[in-house]
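Note sheet for the following structure.
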Amino acid sequence: MEWDIIQGLIDGRLLIVLAACWVIGYVLKQTPKVPDWTIIYIVTAVAIVFVILMLGLLVESVVQGILVGAVAVFGNQLVKQAKKGADADANA
């Protein structure tokens, strides 16, 4: 899948929400009392709320919020797994 396709799915005005969700996810990951499995739900809910505040209460806003939350979590996992793979290669 090309990056252009993903850029077409997410409104460019929402990149700030994407960055905020990434930071929120990171902070939640560092919080001991927040189980890892809840982070994706919290990040997605926050993304939906932020997008609704920015674009208004529309079905499109909810869809955009879900996409932004999903990309934030996916991006975090992408970086995490790349580091893990690089560390494994360095130790081999």
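We did not get these values from a lab; they are worked out from the coordinates using the rules stated. Being a predicted model, the structure only gives us computed values, none of them experimental. Every residue, glycine as well, gets a Cβ built from its backbone with ideal geometry; the counts of neighbours run over all protein chains shown.
If we scan the stretch 58-70, do we find a residue that is more than 11 Å from the chain's Cα centre (by Cα) and either loosely packed, with under 11 Cβ neighbours inside 10 Å or touching a residue at least 60 places away in the same chain (Cβ under 8 Å) (or both)?
Yes, the stretch 58-70 has at least one match.
Every residue in the stretch 53-62 that is more than 15 Å from Ile10 (Cβ to Cβ) and either of a type in the set (Val, Ile, Thr) or assigned to a helix (DSSP H, G or I) (or both), please.
If the condition is that a residue be more than 15 Å from Ile10 (Cβ to Cβ) and either of a type in the set (Val, Ile, Thr) or assigned to a helix (DSSP H, G or I) (or both), then Leu53, Val59 are the ones that fit.
In the stretch 27-57, what residues are under 10 Å from the mean Cα position of the chain (by Cα) and of a type outside the set (Val, Ile, Thr)?
Ala47
Table: residues versus (1) free of Cβ contacts under 8 Å to residues at least 60 places away in the same chain; (2) part of a loop (DSSP other than H, G, I, E, B); (3) surrounded by 10 or more Cβ atoms within 10 Å (Cβ to Cβ); (4) of a type in the set (Ser, Thr, Tyr).
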site	(1), (2), (3), (4)
Asp4	yes, no, no, no
Leu15	yes, no, yes, no
Leu18	yes, no, yes, no
Gly25	yes, no, yes, no
Leu28	yes, no, yes, no
Lys33	yes, yes, no, no
Trp37	yes, no, no, no
Ile42	yes, no, yes, no
Ala45	yes, no, yes, no
